[in-house]
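Peer 1: Before anything else, here's the structure in question.
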Amino acid sequence: MNKYCVVLEIKSEHLEEYKKVHRNVWKDLLKSIKESGVKEEVMFFYKSLANVYFEAEDLNKSYEIQRRRVELEKGWDDLVGPWISKGEYKPGTYELDFLEKVFDLNEQLEEKK
């Protein structure tokens, strides 16, 4: 299982609204994400920065599957896309620049056995 993380800066005037919709994501979208192979997706905030952590075998492959559900994904992109001010998020493409992982407790413990 691979781990991924991205950081997106949310426009301050939409910050609370962005958080609100993510606290109650559409059920069909949740199912679509899970069915695409994403095992875990968690969002944390620091000020206006959304830090999104994913676990998936291949996140790009998962997004390819999600892209096939065009109307559902487009609706979500149309809703939240304009609220993102910085980050490598391109609505409708799922092209993201991932943070570099430099430490993983479990991986290092396994290596040191």
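Bear in mind these aren't lab numbers, they're just calculated from the coordinates by the rules spelled out. Just so you know, these numbers come straight off a predicted model, no measurement behind them.
Peer 1: Calculate, in nm to one decimal, what Glu35 and Asp78 gain on full extension: separation in residues at 0.36 nm each, minus their alpha carbon distance.
Peer 2: Gain on extension, Glu35 to Asp78, equals 13.3 nm.
Peer 1: A further question follows. Divide the volume of the convex hull of the Cα atoms of the chain by its number of residues and quote the answer in cubic angstrom per residue.
Peer 2: 107 Å³
Peer 1: If you average the sequence gap of Cα pairs under 8 Å that are 6 or more apart and divide by the length of the chain, what percent do you get for the contact order?
Peer 2: Once normalised by length, the contact order is 36 percent.
Peer 1: Starting from the Cα-Cα distance between Leu99 and Asn2, subtract it from 0.36 nm times their residue separation and give me the gain in nm to one decimal.
Peer 2: Residue separation times 0.36 nm, minus the Cα-Cα distance, leaves 33.6 nm.
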